[in-house]
Amino acid sequence: MKKGLQLASLGILAGLGLSVFFKIIEDTTDYKVYTLLLNVDYIPVFRDYTYSEPVEVLFHLIISILLVYGLYLLIQMRRVRRIIVVCVVINILLGVLLYPTTALSARTPPIRSFPAMGYWLIGHFLYGLTLGILFQFVFRKDGMSS
């Protein structure tokens with residue numbers, strides 16, 4: 001139970017950090033990366049409804065928590081030693097895989113917006129870096145050196 005709450009806290013912390021980063025980028029540049037982060041228009045069940053910003057952030061945080069649980073299991077099962085590298089690489093790959101969903105919504109950046117894509121990937125790099133650093137503390141505390 002304690003480990004589950006600890007991992008959920010990591011997901012919330014890193015997820016909020018990513019949200020704030022993208023919100024600042026969107027507010028200062030007009031590239032819709034925060035909108036893309038919160039966008040659920042491309043998910044069939046969700047696209048029929050309109051959600052408030054706090055609810056969309058909650059959806060994002062739930063995904064972030066699930067990602068943290070998945071990364072934790074991967075790191076533990078594979079006895080990963082380079083935790084930060086793994087977290088950064090996986091999250092950049094997720095950013096690359098998710099960016100094309102921008103083509104499925106009129107609210108998000110154009111698919112060929114290279115500045116938006118750049119901000120998107122920088123955000124996912126920072127998210128992965130944050131998770132990697134936080135995970136190192138978790139695994140160090142658990143007695144697993146990294």
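The values are calculated or read from the model by the stated rules, or taken from the named source; none is laboratory data. All of these numbers come straight from a predicted model, not from anything done at the bench. Please note: Cβ atoms are built from the backbone with ideal geometry, for glycine as well, and neighbour counts cover all protein chains shown.
Scanning region 98-146 for residues that are surrounded by 15 or more Cβ atoms within 10 Å (Cβ to Cβ) and β-branched (V, I, T) returns T101, T102, T108, I122, T130, V138. Which ones in region 8-21 are surrounded by 14 or more Cβ atoms within 10 Å (Cβ to Cβ), within 23 Å of P115 (Cβ to Cβ) and hydrophobic (A, V, I, L, M, F, W, C)? Those that are surrounded by 14 or more Cβ atoms within 10 Å (Cβ to Cβ), within 23 Å of P115 (Cβ to Cβ) and hydrophobic (A, V, I, L, M, F, W, C): L18, F21.
Pick from G128, G123, G70: which is among the small types (G, A, S) and without any contact (Cβ under 8 Å) to a residue 12 or more places away in the chain? First the steps, then the outcome.
Details: G128 fails: without any contact (Cβ under 8 Å) to a residue 12 or more places away in the chain; G123 fails: without any contact (Cβ under 8 Å) to a residue 12 or more places away in the chain.
Going through G128, G123, G70 in turn, just one is among the small types (G, A, S) and without any contact (Cβ under 8 Å) to a residue 12 or more places away in the chain: G70.
Does R112 satisfy the criteria of being part of a loop (DSSP other than H, G, I, E, B) and touching a residue at least 12 places away in the same chain (Cβ under 8 Å)? No; evaluated as a whole, the condition is false for this residue. Within region 96-146, the set of residues being among the polar types (S, T, N, Q), under 20 Å from G17 (Cβ atoms) and at pLDDT 95 or above comprises T130 only. Restricting attention to region 43-54, does a residue exist that is closer than 21 Å to I122 by Cβ, at pLDDT 95 or above and not aliphatic (A, V, I, L, M)? Scanning region 43-54, I find no residue that is closer than 21 Å to I122 by Cβ, at pLDDT 95 or above and not aliphatic (A, V, I, L, M), so the answer is no. Being more than 16 Å from the chain's Cα centre (by Cα) and over 29 Å from G4 (Cβ atoms) holds for only one residue in I111, I75, and it is I111.
Of all the criteria given as (1) in contact with a Gly (Cβ under 8 Å, 6 or more places away or on another chain); (2) without any contact (Cβ under 8 Å) to a residue 60 or more places away in the chain; (3) farther than 28 Å from F46 by Cα; (4) buried (at least 19 other Cβ atoms within 10 Å of the Cβ), the one not satisfied by N91 is (3). The residues of region 22-55 that are assigned to a helix (DSSP H, G or I), surrounded by 13 or more Cβ atoms within 10 Å (Cβ to Cβ) and in contact (Cβ under 8 Å) with a residue 12 or more places away in the chain, listed by number, are F22, I25, V33, Y34, T35, L36, L37, L38. Consider region 61-81 and keep the residues that are modelled with pLDDT under 95 and either touching a Cys at 6+ places or on another chain (Cβ under 7 Å) or basic (K, R) (or both). The one that is surrounded by the most Cβ atoms within 10 Å (Cβ to Cβ) is R81.
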